[in-house]
Amino acid sequence: MPEESTTPDPVERVRRQFEAGNRRDIDAVMSTFAVDAVLEGRGLGDIFEGQAAIRAFVEGWFGMYEELEFKLEEVHDVGNGVVLAAVLQEGRPAGSAGHVQQREGWVYVWVGGLIARLTVFDIDEARAAAERLAQERE
């Protein structure tokens, strides 16, 4: 009888990362990133290289909001370690009564069970980038 893998599939890993983010469990969020991972926010033109830089960004992002929820609208394993997630962030900025939301496409590249790269696009760009990346990694 073949053994089943105890490592969750990439889609399940993304779901767990979102659950950790919604608990504001930064340690759990960061445990999914490789030491030399890259987080690129295309919309803002930001690139964070390595766990320390990514952690500082995540802590700062969480710190800007009194309330923040990440909603995973859809998530797909595109193949070859590439996962596409459609994400809705809803929050209330610190010191404000108003609420904000933003919809994005997140493209994950998983290597050895960890995130090697996470790039944030608008959703249509993310779909195209995820397909392209999956083909390039064949």
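When the dipole is taken about the Cα centre of segment 1-120, and only Lys, Arg (+1) and Asp, Glu (-1) are charged at their Cβ, what size is it in debye, to the nearest 20? All intermediate terms of the calculation are to be shown ahead of the outcome.
Details: 11 positive and 20 negative charges, 48 e Å.
Dipole of segment 1-120, to the nearest 20 debye: 240 debye.
Send over a whole-number figure in Å² for the accessible area per residue of segment 1-103, probe 1.4 Å. Mind showing how you got there, number by number?
Working: 6000 Å² over 103 residues.
Here the residues of segment 1-103 average 58 Å² of exposed surface.
Shape index of segment 43-87: Rg/Rh, with Rg the Cα radius of gyration and Rh the Kirkwood radius from the inverse mean 1/r over Cα pairs, equals 1.04. Mean sequence separation of contacting Cα pairs (under 8 Å, at least six apart), scaled by the length of the chain, corresponds to a relative contact order of 22 percent.
For segment 1-134, the percent of C-alpha pairs falling in each 5 Å distance bin, counted from 0 to the bin holding the largest distance, reads 2, 10, 19, 24, 23, 12, 5, 3, 1, 0, 0, 0.
Glu131 sits with roughly 100 Å² accessible to a 1.4 Å probe, with DNA, RNA and ligands left out of the calculation. Within the full protein context, the accessible area of Arg15 is estimated at about 100 Å² for a probe radius of 1.4 Å. Here each label is just a point 7 Å from Cα along the line to Cβ, and for Glu67 and Arg92 those points are 0.4 nm apart. Taking every protein chain into account, the 1.4 Å probe leaves His99 with about 130 Å² of accessible area, to the nearest ten.
Projecting the Cα atoms of Pro93, Val107, Phe121 onto the dipole axis of the chain, where Lys and Arg carry +1 and Asp and Glu carry -1 at the beta carbon, places Pro93 farthest toward the positive end. Note on Ile123/Val11: beta-carbon distance plugged into 1/(1 + (r/R0)^6) with R0 of 22 Å gives a FRET efficiency of 0.80. Surface composition of the chain: carbon plus sulfur atoms hold 49% of the accessible area, using a 1.4 angstrom probe and ignoring ligands, DNA and RNA.
The values are calculated or read from the model by the stated rules, or taken from the named source; none is laboratory data. From a predicted model like this one, the values you see are computed outputs, not experimental measurements. Don't worry about glycine lacking a Cβ; one is built from the backbone with ideal geometry, like all the others, and counts go over all protein chains shown. Surface areas here come from the heavy atoms of the whole protein model, side chains and all, with no ligands, DNA or RNA. Shrake-Rupley method; radii C 1.70, N 1.55, O 1.52, S 1.80 Å.
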